[in-house]
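Chemist: Below is the structure I would like to discuss, written out as structure tokens.
The values are calculated or read from the model by the stated rules, or taken from the named source; none is laboratory data. Here the structure is a predicted model, which is why all the values come from computation and not from measurement. Neighbour counts are summed over all protein chains in view; Cβ atoms, including those assigned to glycine, are modelled from backbone coordinates with ideal geometry. The area values use the complete protein model at the heavy-atom level, side chains included, leaving out ligands, DNA and RNA. Shrake-Rupley method; radii C 1.70, N 1.55, O 1.52, S 1.80 Å.
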Amino acid sequence: MTPPESNPQSVTTTLTDDARRVLVRVIQVAFPHPRFPDAPYERTAQRIIDAARESTWSWLQLTQGLRSLDDLASGSFVDADDEQAFALLRGIEQTDFFNLIRRLSVLNLYDDHEVWDLLGYEGPSFEKGGYLHRGFNDLDWLPEPRITEYDAEAEAAAKAGADAGTDTAGSAGQPGSTEQLGSPEQPPPERSPAATSRDAGNQPSAAETTMTEVTR
Amino acid sequence: MTTVDHGDDSPVVVIGSGAGGGTVAYELTKQGVPVVLLEAGPRLSPEDYVNDEWKAFNQMAWLDPRTTSGSFRLARDFPNLPAWTVKAVGGTTTHYSGATPRFKDYEFKTRSTYGPVDGTSLLDWPITLEELEPYYDRAEIKLGSTHRHGRPPLPANNNYKVLANGAERIGYRQYATGPYATNAEPYDGRPGSIQDGFNFQGDKNTSKWSINVREIPKALATGNLDLRPNSHAVQITTDASGRADGVLYIDPEGNLQRQRARVVSLAAGTIETPRLLLMSASPRFPDGLANSSGHVGRHYMRHTTGSVYARFDQPVHMYRGEAMAGIIGDEVRHDPDRGFASGYYLETIALGPAFLAAFADPGAWGPEFTKVLDSYENTAGLWIVGEDMPQETNRVTLDPTATDKHGLPVPHVHFDDHPNDVAMREHGYRQAEMLYDAVGATGAHRTPPYPSTHNLGTARMSARPEDGVVDSYGRAHDVPNLFVSDSSVFTTGAAANPLLTIVALATRQADFVLDELRKGNL
């Protein structure tokens, strides 16, 4: 993106209310969270405005970029529907303008304490005595796992006892999963194709693994 | 605190107060040796530490400019932050997790065990596990590592419950809540953990061992330590015979000072240590101090890492409690059938929304990205940490085009992933996803490596002077009274978190220095 020399007044131009609304909308489209009200987005917009003011270049990027979004949206970016607005942002995601907003949104939106509450993050705990008595171990949908290190002999003895129908507690700790999968000597199985969703699109690994010599 | 005169040539001058330098300073002062400890950062107290990710980051991270190149993704996402280390008294022990596994026997013999691997500079260490074992014992006792020497294990937190159950169900057995250098119950004058979830931010409760809460107070109490925070070393000077005789540093007021030295211990971290050796070049040592071999700055390693964050339909609250008190060791073995040399650990990790957003997929936005954050409460996380392959061309050099605020050349970090690193990371991602699937994950997200907390190998140990920079005691092959005391000396990286091995090696080095001082050889 080149500096808009044709419009030098923009450096001192204050951001209009319309431009601020466009900025809030950009953040909402780029970082959509159905659970979030407007307030965290508005605070994030304000922080972006404050940060951009610290350099002429950033300020130019922001103000000129916001101005141009309405044109790109053929009238009003704020009135474009979610799909149109998202597609429009995809089209400009390589620009300095969008990267400025993206970077500062990530830094500020997720550092907002109301957002922490909405996401279920309780944050600072030291003054409250940590999480020791506030649920650090309250997960109850899985069995209590062993916490000590693996002791093959104890586990084998426990298993032998169980096989013989006697009640032998392993000294390696509490019993783990009720399932018995594989012997300790058996290497862990390779994963099979999974049915669950993967967001691995960001990973270069798929292409790069073709470089790897696999000597199976 | 004692004050040593700048012209006094009797002290050992230690550069850097992290795991290596702090250990050397403590062991020497305990035995009556005067030590000047130069630390580039401030002295923070536990009261200064904050339960806030970005505030703590800005309080303690080493943010002096660095430049990067190479195929590793950090060069694109965080070009000026290749490493996540700490600039404060205690160094990166302030930020480290607390995980303290030992190296395995084969990890000291990588060239012999793995054979030749194309494109690597693998080399056997000049020391064996057997030789280091007594020092591992001493290190674990100092740190109070859980599961060791009678120290009880930490309890299972929520993130561990998911990890351990998943591990068990896919056939792993080597899982536990440690060893972990954070007190489960009071030990060595420090309290048991209150599971506050902020040990990466210094641990206000001081349950986590760090140089700043243990070694520094004890060393100061001996009356033999002159601790100088905000003192940035810029050059090691040498005398006519080629021995180190002093250290130039910038004092808190910005003035250049020279402290004379009998012995110099260099422990500025794997990026700053080679930088300082290279900045100490002179007509006598034109390629930098201790660099006749040409190995200074080379073989930079950063561990093969990655994270998987898995979503469930029930709450996890991974952020509650000790972040890394969950370690799986089943993949730490050399088994080429997996398609790569060496092995890796899987360890619990938890980030708050601020850091998860910053590091989950740098540069990403849109609904795929926000889905990761929307699931925050129901998310479990782990970190893959394995041995990466040393490569001669992965290297710290002085950037000829960039200078810092003192006008000194900025360190440049070049790193290319080796195909072995890529294959190991891919295997780790798959195993982690399978582990979480086994306990009902509804989805999982692969996170690329964070800025490196494990920085290794730029002044490596070698039996022969032509193969490395220092000998098995960390003594420079070229300079008899110059020691390197940090993880720069690692010949290869092993899979283990490096802290315990840094402390063990530095303890062994201090014993050697004391012995040589007594014999009049230093």
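Chemist: I'd like to verify a number: residues in the range B:399-448 that are in contact with a Pro (Cβ under 8 Å, 6 or more places away or on another chain), in contact (Cβ under 8 Å) with a residue 24 or more places away in the chain, more than 8 Å from chain A (Cβ to nearest Cβ) and of a type outside the set (G, A, S), how many?
Modeler: The qualifying residues number 7.
Chemist: Anything in the range B:373-392 that is more than 7 Å from chain A (Cβ to nearest Cβ) and more than 29 Å from B:G297 (Cβ to Cβ)? List them, or say none.
Modeler: If the condition is that a residue be more than 7 Å from chain A (Cβ to nearest Cβ) and more than 29 Å from B:G297 (Cβ to Cβ), then B:S375, B:N378, B:T379, B:A380, B:G381, B:L382 are the ones that fit.
For (1) free of Cβ contacts under 8 Å to residues at least 12 places away in the same chain; (2) within 21 Å of B:F78 (Cβ to Cβ); (3) away from chain B (no Cβ under 14 Å); (4) surrounded by fewer than 16 Cβ atoms within 10 Å (Cβ to Cβ), each residue gets a yes or a no:
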site	(1), (2), (3), (4)
A:L60	no, no, yes, no
A:L72	no, no, yes, yes
A:F77	no, no, yes, no
A:D81	yes, no, yes, yes
A:L88	no, no, no, no
A:L100	no, yes, no, no
A:D112	no, no, no, no
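Chemist: While we're looking at this one, here's another question. Out of (1) touching a Leu at 6+ places or on another chain (Cβ under 9 Å); (2) part of a loop (DSSP other than H, G, I, E, B); (3) touching a residue at least 24 places away in the same chain (Cβ under 8 Å), the odd one out for B:N230 is which?
Modeler: (1)
Chemist: When residues of the range B:132-155 are filtered for being open to solvent by less than 10 Å² (accessible area, probe 1.4 Å) and over 21 Å from the mean Cα position of the chain (by Cα), how many remain?
Modeler: If we filter the range B:132-155 for residues that are open to solvent by less than 10 Å² (accessible area, probe 1.4 Å), which is where we start, we get B:132, B:136, B:139-140, B:143-146, B:154.
When the remaining residues are screened for being over 21 Å from the mean Cα position of the chain (by Cα), the result is B:154.
Count: 1.
Chemist: Of the residues B:T442, B:T507, B:T453, only one is touching a helix residue (DSSP H, G or I) at 6+ places or on another chain (Cβ under 9 Å), of a type outside the set (F, W, Y) and open to solvent by less than 10 Å² (accessible area, probe 1.4 Å); which? Before you say what the answer is, go through the steps one by one.
Modeler: Numbers: B:T442 fails: open to solvent by less than 10 Å² (accessible area, probe 1.4 Å); B:T453 fails: open to solvent by less than 10 Å² (accessible area, probe 1.4 Å).
Step by step, each of B:T442, B:T507, B:T453 is checked, and only B:T507 is touching a helix residue (DSSP H, G or I) at 6+ places or on another chain (Cβ under 9 Å), of a type outside the set (F, W, Y) and open to solvent by less than 10 Å² (accessible area, probe 1.4 Å).
Chemist: Filter the range B:341-370 for residues that are in a loop (DSSP other than H, G, I, E, B) and within 24 Å of the chain's Cα centre (by Cα) and give the result.
Modeler: B:A341, B:S342, B:G343, B:I349, B:A350, B:L351, B:G352, B:A360, B:D361, B:P362, listed by residue number.
Chemist: Of everything in the range B:272-288, what is open to solvent by less than 10 Å² (accessible area, probe 1.4 Å), of a type outside the set (V, I, T) and within 21 Å of B:S17 (Cβ to Cβ)? Give them in sequence order. Let's see the steps before the verdict.
Modeler: First, pick out the residues of the range B:272-288 that are open to solvent by less than 10 Å² (accessible area, probe 1.4 Å): B:273-277, B:280, B:288.
Adding the requirement that they be of a type outside the set (V, I, T) leaves B:274-277, B:280, B:288.
Once the filter is applied, which keeps residues that are open to solvent by less than 10 Å² (accessible area, probe 1.4 Å), of a type outside the set (V, I, T) and within 21 Å of B:S17 (Cβ to Cβ), the range B:272-288 yields B:P274, B:R275, B:L276, B:L277, B:S280.
Chemist: Of the numbered conditions (1) within 11 Å of chain A (Cβ to nearest Cβ); (2) over 30 Å from A:D140 (Cβ atoms); (3) not in a loop (DSSP other than H, G, I, E, B), B:D118 fails exactly one; give the number of that condition.
Modeler: Of everything listed in (1) within 11 Å of chain A (Cβ to nearest Cβ); (2) over 30 Å from A:D140 (Cβ atoms); (3) not in a loop (DSSP other than H, G, I, E, B), B:D118 misses just condition (3).
Chemist: Right, next: Any idea which residue in the range B:249-263 is nearest to B:H406 (Cα to Cα), counting only those that are open to solvent by 40 Å² or more (accessible area, probe 1.4 Å) and assigned to a strand (DSSP E or B)?
Modeler: Taking the candidates together, the pick is B:L256.
Chemist: Only one of these is touching a residue at least 12 places away in the same chain (Cβ under 8 Å), buried (at least 19 other Cβ atoms within 10 Å of the Cβ) and in a strand (DSSP E or B): B:G269, B:G246, B:G297, B:G321. Name it.
Modeler: Checking each option against the conditions leaves just B:G246.
Chemist: Here's something else I'd like to know. With respect to the numbered conditions (1) in contact with a His (Cβ under 8 Å, 6 or more places away or on another chain); (2) farther than 26 Å from B:D416 by Cα, which one is the sole condition not fulfilled by B:E47?
Modeler: Checking B:E47 against (1) in contact with a His (Cβ under 8 Å, 6 or more places away or on another chain); (2) farther than 26 Å from B:D416 by Cα, the one that fails is (1).
Chemist: Assuming B:T146 fulfils every condition listed in (1) within 14 Å of chain A (Cβ to nearest Cβ); (2) in contact with a helix residue (DSSP H, G or I) (Cβ under 9 Å, 6 or more places away or on another chain); (3) part of a loop (DSSP other than H, G, I, E, B) apart from one, which condition is it?
Modeler: (2) is the only condition that B:T146 fails.
Chemist: Of all residues in the range B:157-197, how many are open to solvent by 10 Å² or more (accessible area, probe 1.4 Å), facing chain A (nearest Cβ under 7 Å) and either within 18 Å of B:I349 (Cα to Cα) or modelled with pLDDT under 95 (or both)?
Modeler: 3
Chemist: In the list A:L89, A:L60, A:L100, A:L72, which residue meets the criterion of being touching a Gly at 6+ places or on another chain (Cβ under 9 Å) and at pLDDT below 95?
Modeler: Every option except A:L72 fails the conditions.
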